[in-house]
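The values are calculated or read from the model by the stated rules, or taken from the named source; none is laboratory data. Keep in mind that what you see is a predicted model, and the values were worked out from it rather than measured. FYI the Cβ positions are ideal-geometry reconstructions off the backbone, even for glycines, and counts take in every protein chain you see. Just the protein is used for accessible areas: all its heavy atoms, side chains included, with ligands, DNA and RNA removed. Shrake-Rupley method; radii C 1.70, N 1.55, O 1.52, S 1.80 Å.
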Amino acid sequence: MKNKELQTWRSKTLVEMQKELGDTYANFNKLKLDISIGKSKNVRELRRVRKTIAQLNTIAKSRSSKVKI
């Protein structure tokens with residue numbers, strides 16, 4: 001993931017980040033379905049989306065823990 005993209009995610013609010021995470025989950029499910037039915041063979045894209053979801057979750061959790069304290 002590029003640092004510029006990570007910085008833009010960190011600058012977003014928690015609500016915007018949750019919306020981005022929901023969109024990414026939808027994209028992940030669509031890709032998973034396409035791969036399972038043989039429509040797409042791009043497994044690397046699935047890995048990239050999974051990595052993006054993990055990074056967004058990490059940023060969101062770190063931000064929410066800062067807010068509670």
Fill in the blank from the handout: Picked from segment 2-59 (must be at negative phi and not in a helix (DSSP H, G or I)), the residue surrounded by the fewest Cβ atoms within 10 Å (Cβ to Cβ) is LYS2
Handout entry: Test: ARG63 is open to solvent by 100 Å² or more (accessible area, probe 1.4 Å), touching a helix residue (DSSP H, G or I) at 6+ places or on another chain (Cβ under 7 Å) and either at pLDDT below 95 or not in a helix (DSSP H, G or I) (or both)
Key = no
